[in-house]
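Here is the structure we will look at.
The values are calculated or read from the model by the stated rules, or taken from the named source; none is laboratory data. A quick note: this is a predicted structure, and the numbers were derived from the prediction, not measured. Here the Cβ positions follow ideal geometry from the backbone for every residue, glycine too, while neighbour counts run over all protein chains shown.
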Amino acid sequence: MKNIKKIFITVLIIFTFTSIAYAGRYAGDFMLIGPGVRAVGMGSAFTAVADDGSAAFWNASGIAQMQRPNLEVMRAFLYENLAAYDFVTFSIPLPAKTTIGMSYTQLSIDKIPIYDEKWLVYNVDVRSSDVDLQLTGDPDGYFTSRDQVFKFVFAKNITQVINLGWDLFELPIEYYGGAVFKYIKRNLYDHIGTGTGFDLSFMMSTDFALLTDVEWLGKIKFGTNIQDIAGTAISWDTSSKHSDEVITGVRYGLAVDQPLDFINSNCIVSFDWGEMYDFKRHLGAEFTYNDIISVRSGIDDEQFTAGLGLKFKNYMLDYAFINNTELGATNRIGLRIDL
């Protein structure tokens with residue numbers, strides 16, 4: 001159409017933008033979807049596990065558990081294929097039990113329709129009496145909305161042996177600390193919002209067998225992740241210079257990593273809890289046979305999840321299914337490579 005003055009977007013996008021402008025506490029909701037495939041298959045109960053590249057989100061300190069450089073990529077379609085969700089991360093161990101990593105996450109929605117604002121000038125009665133002013137329902141164009149997060153991750157491992165004295169025992173404890181610097185960029189039609197934020201995380205692991213005097217038990221792990229410490233501001237390039245505030249979120253996790261040597265297998269059971277906008281619980285499990293095939297399942301805030309992993313040499317192909325009753329079932333697929 002000719003003489004296009006301004007545009008307004010569909011009711012869904014208008015509502016979304018209004019939520020951003022007037023309810024800034026939800027400005028970081030897209031960052032809470034959670035990247036990776038393995039973690040989601042385990043019900044998002046990954047704070048105390050976090051031993052792959054997706055730890056950049058779940059618990060950055062966890063990348064210090066890696067023994068080799070790791071590359072991970074993921075793609076998923078969310079909200080009944082309305083949005084594409086992409087994630088790529090690379091981590092590399094360094095000397096002195098230090099590991100660094102980088103990750104990129106993007107949530108994008110294509111072909112959002114736009115309409116000429118001039119049609120709003122005429123009321124329904126005028127449009128109904130003039131055939132040239134009657135709306136066809138066809139959009140005047142399309143645009144793509146993108147939300148992006150770039151992260152740099154640093155993590156370090158410290159080992160300590162605690163002597164409990166007397167005739168007891170020495171207890172080895174592994175401590176992991178992690179920090180994340182992130183740059184956020186949001187594109188909505190012809191406006192851009194940007195911001196920087198910081199996350200801090202911690203994890204500790206010890207021998208569960210020594211603690212319980214049950215020789216066959218494995219390791220017990222505890223982790224915590226504090227996202228957007230002191231809040232993260234996202235500033236928009238609008239005429240009002242509007243700024244949104246991403247609130248601080250805290251998450252805790254507990255996991256038991258149990259070898260099953262009698263069947264050449266391993267089992268992980270994990271539990272997460274925490275609050276970001278509202279309180280949620282997560283429960284997950286992973287069973288791995290012969291370091292080749294992994295079966296996963298979990299409960300992500302009352303939603304059932306399941307997953308499968310197949311390993312060939314240094315390659316791991318992961319699949320996850322999330323049964324979200326409100327947003328529709330989602331399938332994810334990803335590839336992890338130990339370099």
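Those residues that are over 17 Å from Val250 (Cβ atoms), crowded, with 24+ Cβ neighbours inside 10 Å and out of contact with any Phe, Trp or Tyr (no Cβ under 7 Å at 6 or more places or on another chain), I need them from the range 56-67; list them, please.
Result: Ala56, Ile63.
Tell me, yes or no, whether the range 156-178 has at least one residue that is under 30 Å from Tyr85 (Cβ atoms) and modelled with pLDDT under 90.
no
Name every residue in the range 196-237 that is out of contact with any helix residue (DSSP H, G or I) (no Cβ under 7 Å at 6 or more places or on another chain), surrounded by 13 or more Cβ atoms within 10 Å (Cβ to Cβ) and among the β-branched types (Val, Ile, Thr), in order of residue number.
Thr206, Thr224, Ile226, Ile229, Thr232, Ile234
Mind checking which pairs have a first residue in the range 302-319 that is more than 17 Å from Phe287 (Cα to Cα) and a second that is in a strand (DSSP E or B) and of a type outside the set (Ser, Thr, Tyr), Cβ under 7 Å, 6 or more apart or different chains?
Once the first residue is more than 17 Å from Phe287 (Cα to Cα) and sits in the range 302-319, its partners that are in a strand (DSSP E or B) and of a type outside the set (Ser, Thr, Tyr) give Gln303/Ile322; Asn314/Ile337; Asn314/Asp338; Tyr315/Leu335; Tyr315/Ile337.
Considering only residues that are buried (at least 17 other Cβ atoms within 10 Å of the Cβ) and of a type outside the set (Phe, Trp, Tyr), which ones fall in the range 309-323?
Gly309, Lys311, Met316, Asp318, Ala320, Ile322
Any residue in the range 227-242 that's at positive phi: show its pairings with residues that are small (Gly, Ala, Ser) and surrounded by 15 or more Cβ atoms within 10 Å (Cβ to Cβ) at Cβ separation under 8 Å, as long as the two are six or more apart or on different chains.
Asp228/Gly28; Asp228/Gly197; Asp228/Gly249
Looking only at the range 225-258, filter to residues that are touching a Leu at 6+ places or on another chain (Cβ under 9 Å) and of a type outside the set (A, V, I, L, M, F, W, C); which one of those is nearest to Gly274 (Cα to Cα)?
Gly249
When the residues of the range 130-144 are filtered to those that are loosely packed, with under 13 Cβ neighbours inside 10 Å and of a type in the set (D, E, K, R), which remaining residue is modelled with the highest pLDDT?
Only one residue tops the list, namely Asp138.
Of the numbered conditions (1) of a type in the set (Phe, Trp, Tyr); (2) modelled with pLDDT of 95 or more; (3) assigned to a helix (DSSP H, G or I), Phe30 satisfies every one except a single condition; which is it?
(2)
Residue check, Lys111 against (1) part of a strand (DSSP E or B); (2) over 19 Å from Val149 (Cα atoms); (3) touching a residue at least 40 places away in the same chain (Cβ under 8 Å), all met but one. Which one?
Single failed check for Lys111: (3).
Give me the residue from the range 258-280 that is in contact (Cβ under 8 Å) with a residue 60 or more places away in the chain and of a type outside the set (S, T, N, Q) and, out of that set, surrounded by the fewest Cβ atoms within 10 Å (Cβ to Cβ).
Among them, the one singled out is Tyr277.
Only one of (1) modelled with pLDDT of 95 or more; (2) in contact with a strand residue (DSSP E or B) (Cβ under 6 Å, 6 or more places away or on another chain); (3) farther than 12 Å from Arg336 by Cβ fails for Trp58. Which number is that?
Condition not satisfied by Trp58: (2).
Tell me whether the range 93-110 contains one or more residues that are more than 20 Å from Lys311 (Cβ to Cβ), over 13 Å from the mean Cα position of the chain (by Cα), at pLDDT 80 or above and of a type in the set (Asp, Glu).
Taking every residue of the range 93-110 in turn, at least one turns out to be more than 20 Å from Lys311 (Cβ to Cβ), over 13 Å from the mean Cα position of the chain (by Cα), at pLDDT 80 or above and of a type in the set (Asp, Glu).
What pairs come up if the first residue lies in the range 141-153 and is aromatic (Phe, Trp, Tyr), the second is modelled with pLDDT under 95 and surrounded by 17 or more Cβ atoms within 10 Å (Cβ to Cβ), and their beta carbons are under 7 Å apart, counting only those six or more places apart or on different chains?
Tyr142/Ile112; Tyr142/Ile114; Phe143/Ile112; Phe143/Ile114
Just for the range 247-257: of the residues that are touching a Lys or Arg at 6+ places or on another chain (Cβ under 8 Å) and farther than 10 Å from Ala45 by Cβ, which one is surrounded by the most Cβ atoms within 10 Å (Cβ to Cβ)?
Per the criteria, the residue is Asp257.
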